[in-house]
Amino acid sequence: MAPTLYDEKPEPGDLIEIFRGTYQHWAVYVGDGFVVHLAPPSEVASAGSSSIMSVISEKAVVRKDELWDVVGTDRWVINNHLDKKYKPRPVHVIVQNACTAVGQVMPYCVLRGNCEHFVTELRYGQAESRQVQKAGEVMMMAGVAAAVGFGIVALAGAFFGGNKKEKENQ
């Protein structure tokens, strides 16, 4: 069940993580029930998990929308996950920079410039995305597993396969 306004009250400058099935959408709370977030030009605020345009879009627009319109029926949390790694900027700077950016069209890249990069840049001055880091770790583990698997097959072939010439001599 998604939190309600009475369960969690974001403070200006808080990062909001919205769970949309296979990915998370991120926004920064700017007060009075509004968030600023990076979204593809074709996305409407209430698109929720039905919007997949962010994956294939090369441009995105900085939008200011009501938190509940962006969240829709999706689960969400306040997630200032990098507070232990970086010192957050002053709240008035986060909010001012977020609101100043509203309406700007920005380059969008899932790997280097997504909505999480956008909000972490606003809060910490550092653009980071755990989603991208996690995906990279999964891909690296898959690559290691594949390399180990190929190595085992090659080793087994060398060990059990023998040489054709040796077999003819026996």
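The values are calculated or read from the model by the stated rules, or taken from the named source; none is laboratory data. Note that the coordinates shown come from a computational prediction; the quantities given were computed from them, not determined experimentally. Counting neighbours? That spans all protein chains shown, and the Cβs are built from the backbone with ideal geometry, glycine included.
For residues in the stretch 22-37 being surrounded by 15 or more Cβ atoms within 10 Å (Cβ to Cβ) and more than 20 Å from VAL91 (Cβ to Cβ), which is modelled with the lowest pLDDT? Here the answer is TYR23. Scoring VAL70 on the criteria (1) part of a helix (DSSP H, G or I); (2) β-branched (Val, Ile, Thr); (3) at pLDDT 95 or above leaves a single failure, condition (3).
Of LYS167, LYS134, all but one fail to be under 14 Å from the mean Cα position of the chain (by Cα), farther than 23 Å from GLY31 by Cβ, modelled with pLDDT under 90 and of a type outside the set (Ser, Thr, Tyr); the exception is LYS134.
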